[in-house]
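Computed from the coordinates by the stated procedures, all read-outs in this text should not be read as laboratory data. Owing to the predicted nature of the structure, the values given are computational and were not obtained by experimental measurement. Methodologically, a virtual Cβ is constructed for each residue, glycine included, from the backbone with ideal geometry; neighbour enumeration extends over all protein chains shown.
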Amino acid sequence: METTASIKKHPIHVMLVAIPLGLWIFSLVCDLIHFFSGNSEWATVAYYTLAGGIITALLAAIPGFIDLLSITEPKLRRIGVSHMIINLVVVGLYVINFFLRHRNPVDISKVPVILSIIGVLLLSVSGWLGGELVHVYRVSVAEPRTIPPKP
């Protein structure tokens, strides 16, 4: 089932989701380095990568929502809605996380780090559901056209 939000048959949502995923995972890594080393530069990097993840996640959500609207099969729509809800919860957690750090990005408590861990764990569940849609049920996959053999 080919997606309507695509560029030359390549789904835009799938292209964009790698950016917030990478930023949020790297933000957590930076938090952990800061937490165990005390080096405040890592907390600053974590703050800005967290913010970048929020912005790019919201950008990736637009074609994802367009893809969701094109799903007609009830079972697949339920999976897609679950995927979307988890992602919205994750963005909400990261927005809270961002504002907890906003006054002083360098001096963070354990709470933002715990929120980042929860966010990454929820992203894993959401990614699993997104993978189910794409790899198992072929949502947003443009099936190749068969080329007749040369005579």
Taking only pairs that are 8 or more places apart or on different chains, how many Lys pairs in the chain have Cα atoms under 30 angstrom apart? 4
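Rounded to the nearest 500, what is the chain's calculated 222 nm mean residue ellipticity when only DSSP H runs of at least 4 contribute -39500 (n - 2.57) each, over all residues?
Details: 4 runs with 107 residues, N = 151.
Theoretical 222 nm ellipticity from helices: -25500 deg cm²/dmol.
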Treating the angle as unsigned and between 0 and 90°, give the value, to the nearest 10°, between the Cα long axis of helix 40-69 and the longest Cα principal axis of the chain. 30 degrees
Compute the acute angle (0 to 90°) between the alpha-carbon long axis of helix 110-131 and the principal axis of greatest extent of the alpha-carbon atoms of the chain; round to the nearest 10°. 10 degrees
Simple SL model, points at 7 angstrom along Cα→Cβ for ARG103 and VAL141; separation in nm is 5.0 nm
Distance (nanometres) between label positions extended 7 Å along Cα→Cβ at ILE118 and SER40: 2.8 nm
